[in-house]
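Report on one structure; see the data block that follows.
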Amino acid sequence: MGSRITLVMLPCFSPARPPLSLAVLSGFLRRRGKSALIRDVNIDCFRQFDRSWWHGRRFSLWTDPGRFSRLLKRIGPWLEQEAAILASQPGWLGFSVFSTNVQVVEFVARRIKELVPGKRIVFGGPQARPYLDGRRFVQEGLCDFAVYSEGENALLDILDGNPEPSGSFFLRPAGIEKRPVRLVEPAELTAPDFHDFPLDRYIQAQTFPLMAGRGCLNHCSFCEERRLFPGYRRMTDQVLFESLDQIEASGGKRVIFSDSVLNPGAGAVLQLAERLATFLKGFAYEGNVQVQGLERSDIRALKKSGFRALTAGIESGSPRVLRLMRKSVSWGKAHTLCRMCCDEGIELKLNFIIGFPAEGWLDLLLTMVLIVTLAPFKPRIDPVAAPCAMLSGSAMAADPCRYGILQADTIRFTGARNDYRKRLLMMRLFNGFVLLLKRSGLIR
């Protein structure tokens, strides 16, 4: 049973839609003759316990050790049962590990190793990266391999019996060893497989995630994606249409593209719109775009192909902060995008980052004024779940001094213009402002 794996998602993860990462990995492995099963424990847990625990404002229940220890008294017995079920599965177990579920994953993995000492386990996901917990996971015996980048070739190597899989950490007598990543070629990108998911249990019924491409060409200082997935790889037309066929067969009506941006370069939006326009299945599409480079013809083409909503990261109304963020955004570009989407009947959601290390009160005020000036176009703007974090693979983490970070820490870093308490206060002020505008009907 060496070529069999059960891919597992543990809480806390979004209960809105099936986890795309597991669907992509299972599709890739099954296409290559491997047995890959899915076990979404997260959605079962969501249906079993207090659903407010999955709200962004309560993520600290899962991430703060003290609060999690108290939460574990509630869900521990249930997780023990799930661990026993997983331990009985033949072959490998693969866990996706995030900041919001790492403590649950460690609890379950330890229990599985106690029940079946030789059970083979692989960890992957953001928390397994080199600058986070990848080495520690292996050192502490929680898993046999920690995959710190793309998972497809790593899992294929593992199921083929390769003792040194792509992009992974593993333990040898001399210590922890690391192997380089072998990225998936564009022609190897495979349609996700949603067959094993309990599709009727997710919040957003008939809604499926999908990626038309992988990677990002931007250099945003707060983001780490360019470092993790260099370049941009586009899914072939055949695989894109195969993915949409499967979604249609599964009862899907709405497709949310999870690409970082749908317009990574000139002409990309028109190409995607033309591809989707040939697939007349009546889907409602949504996706992320970057502000720069979009023309009215792009918006019209997206609308014609079935797009009903777009999301753009404006991030700040302060030119100084935007320069530090390396964002090619301006008030004029933001107004132009809002106007075009409003005219063409596409709902536009705008994202903002509050508490950037160099952000002061005047910068926050400029952001709020910008939002007021955009209100006539009725964009959707939601409160932010947490202040700006310093992702360990970002330019901020690589050169903290450049961004005014005096004391480096992923969440509670101290900046020259703000500390964690001030950033929390700025976030609460911003959120109160946004909720006031929503209640007054000025924004969606």
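Any read-out appearing in this document is the output of simple, stated calculations on the displayed coordinates, not a laboratory observation. None of the values given here were measured: they were computed from a predicted structure. Methodologically, a virtual Cβ is constructed for each residue, glycine included, from the backbone with ideal geometry; neighbour enumeration extends over all protein chains shown.
As I understand it, the value is the acute angle between the Cα axis of helix 102-115 and the longest principal axis of the Cα atoms of the chain; what does it come to in degrees, rounded to 10? Once rounded, the angle reads 10 degrees.
Dipole of the chain computed with +1 at Lys/Arg Cβ and -1 at Asp/Glu Cβ about the Cα centre; of Ile158, Ala375, Gly252, farthest Cα towards the positive end is Ala375. Relative to the Cα centre, the charge distribution of the range 206-439, modelled as +1 at Lys and Arg Cβ and -1 at Asp and Glu Cβ, gives a dipole magnitude of about 540 debye.
Once the mean 1/r over all distinct Cα pairs of the range 345-438 is inverted, what Kirkwood radius in angstroms do you read off?
For the range 345-438, the Kirkwood estimate is 14.1 Å.
Using the number of other C-beta atoms within 10 angstrom as an exposure proxy, rank Ile346, Ile353 with the fewest first. Spell out each step's value before the answer.
On the way: Ile346 17, Ile353 21.
The most exposed by this proxy come first: Ile346, Ile353.
Equivalent ellipsoid semi-axes for the chain, as square roots of 5 times the alpha carbon gyration tensor eigenvalues: give them largest first, rounded to whole Å.
Numbers: eigenvalues 248, 149, 91 Å².
Three semi-axes, in Å: 35, 27, 21.
Listed by chain and number, the aspartates and glutamates whose C-alpha is less than 14 Å from the C-alpha of Lys119, apart from same-chain residues fewer than 8 away, are Asp144. Dipole of the chain computed with +1 at Lys/Arg Cβ and -1 at Asp/Glu Cβ about the Cα centre; of Val384, Gly267, Tyr285, farthest Cα towards the positive end is Val384. Dimensions of the range 4-178 based on its C-alpha atoms, expressed as ranges along the principal axes with the largest first, amount to 42, 36, 29 Å.
Take the alpha carbon atoms of the range 293-342, find their radius of gyration, then divide it by 2.2 N^0.38 Å using N residues; give the quotient. Spell out each step's value before the answer.
On the way: Rg = 12.4 Å, N = 50, 2.2 N^0.38 = 9.7 Å.
Relative to the rule-of-thumb radius for its length, the range 293-342 sits at 1.28.
Quick one: compute the contact order of the chain, relative version, from alpha carbon pairs under 8 angstrom and 6+ residues apart, as a percent. The normalised contact order for the chain reaches 11 percent.
Determine, from the Cβ-Cβ distance of Glu248 and Asn218 and an R0 of 22 Å, the FRET efficiency 1/(1 + (r/R0)^6), rounded to the nearest 0.05. Display every interim value, and only then the final one.
Values: r = 32 Å, r/R0 = 1.46.
Step by step, r from the Cβ atoms, then E = 0.10.
Modelled spin labels at Ala205 and Glu164, positioned 7 Å past Cα toward Cβ, are 5.3 nm from each other. Extension gain, Ser35 to Leu115: 0.36 nm times the residue separation minus the Cα-Cα distance gives 26.5 nm. Take the Cα radius of gyration of the range 95-176 and divide it by 2.2 N^0.38 Å, N being the number of residues; the result is 1.00. Length available on full extension from Ser88 to Arg296: 0.36 nm per residue minus the Cα-Cα distance, which gives 69.3 nm. Distance between the pseudo-spin-label points of Ala187 and Gln238 (7 Å out from Cα toward the beta carbon): 0.9 nm.
The residue list Phe107, Ala87, Tyr148 was ranked by how far each Cα lies along the charge dipole of the range 35-190 toward its positive end, using unit charges on Cβ atoms, and Phe107 comes out on top. Beyond 28 Å, what percent of the Cα pairs of the range 206-439 remain? Taking all Cα-Cα pairs of the range 206-439, the fraction more than 28 Å apart is 36 percent. How much length is gained on full extension from Ile176 to Arg227, taking 0.36 nm per residue of separation minus their Cα-Cα distance? The span from Ile176 to Arg227 would gain 16.1 nm if fully extended.
A simple charge model with +1 on the Cβ of Lys and Arg, -1 on the Cβ of Asp and Glu and nothing else charged puts the dipole of the chain at about 1140 debye relative to its Cα centre. Site-free segments of the chain were taken between GluC sites (Glu not before Pro) in DSSP loops having at most 16 other Cβ atoms within 10 Å, sites themselves excluded; the longest one is 141-294.
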